[in-house]
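Right, one structure below, let's go through it.
The values are calculated or read from the model by the stated rules, or taken from the named source; none is laboratory data. These figures come from a predicted structure and were not determined experimentally. Heads up, the Cβs are rebuilt from the backbone with ideal geometry, glycines too, and the neighbour counts pull from every protein chain shown. These accessible areas exclude ligands, DNA and RNA; they are computed on the full protein's heavy atoms, side chains included. Shrake-Rupley method; radii C 1.70, N 1.55, O 1.52, S 1.80 Å.
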Amino acid sequence: MTTRSTRGLSRRNFLAGTALAVTAGPALANTTEIEPELTDMVRRNISSFRALDWRPYFASLKNGAILVDVKSRALHFWSEDGTIYKLYPTSVPLSEDLTRLGRTSVVRKVEGPSWRPTPAMKKRNPEWPDFVPPGPENPLGTHALYLGWTYYRIHGTHDTRKIGRRSSNGCIGLFNEDIAELFGLAKVGTQVLLI
């Protein structure tokens, strides 16, 4: 009686893989992308996308609650009655000095927001426009939740490559379909905590 190793390649799998590579080679040549060096890759913290309980972070769910974890790049939402819980991937600020942590709340909701760079953004990027109306070029995407802190928002983005990365100038970004859903769930007065 012989035992087979489950860790190595079997002869059958090796031959099947070789045959596939030979026959599909020309087709794959036009679609294959080369992985960047490991040091050049963006680190995405997918393992931290886990459900959380609201109790360690909020005294109650009055007006609902939003928790943004900038390390795991995740936004958690709980409805006021506790029946709805949502977890969304986010973009977070580029650096620690652009990151604001602490408690605030949603003070305004805007569908189809316009955008103006802050004075600090304009100083860092003088080539940026002074104003961008709603639409596909707008960095705030389709919806925005304005926070109690000046210039800080939870908003959508048309540039989906930003989600899961350090890519913003201070705001928290979501896919447009996610911010549209959150926009419908959150209300003015929803508690917000960034950790």
Q: May I ask what percent, to the nearest 5, of DSSP beta bridges between residues of the stretch 46-181 are antiparallel?
A: 75
Q | Largest to smallest accessible area among Trp128, Trp78 [probe 1.4 Å] | A | Trp128, Trp78
Q | Surface share of carbon and sulfur [accessible, 1.4 angstrom probe, percent] for the stretch 78-139 | A | 54
Q. At a Förster radius of 22 Å, what calculated FRET efficiency corresponds to the Cβ-Cβ distance of Phe131 and Val107, to the nearest 0.05?
A. 0.55
**Q.** Label-point separation in nm, Lys86 to Ile195, each point 7 Å along Cα→Cβ
**A.** 2.1
Q: Starting from the Kirkwood radius over alpha-carbon pairs of the stretch 155-195, derive D by Stokes-Einstein at 10 °C in a medium of 1.306 mPa s and give it in µm² s⁻¹.
A: 141
Q) So how far apart, in nm, are the two label points at Lys62 and Leu185 if each is 7 Å from Cα heading toward Cβ? A) 2.2
**Q.** Radius 12 Å from Cβ of Gly148, net charge of other residues (Lys, Arg +1; Asp, Glu -1)
**A.** +4
Q.
Once you order the gyration tensor axes a ≥ b ≥ c over the Cα atoms, which shape class does the stretch 88-195 get: rounded for a/c under 1.5, otherwise prolate or oblate by comparing a/b with b/c?
A. rounded
Q: Mind grabbing the accessible area of Ile163 for me, 1.4 Å probe, Å², rounded to tens?
A: 10
**Q.** Average Cα contact separation per residue, the stretch 97-191, under 8 Å, 6 or more apart, as relative contact order %
**A.** 32
Q) What ³J(HN,Hα) values, in whole Hz, does the Karplus curve 6.51 cos²θ - 1.76 cosθ + 1.60 give for the stretch 139-155 when θ = phi - 60°, with x put for Gly and Pro? A) x, 8, x, 8, 9, 9, 9, 7, 9, x, 8, 4, 6, 9, 9, 10, 8
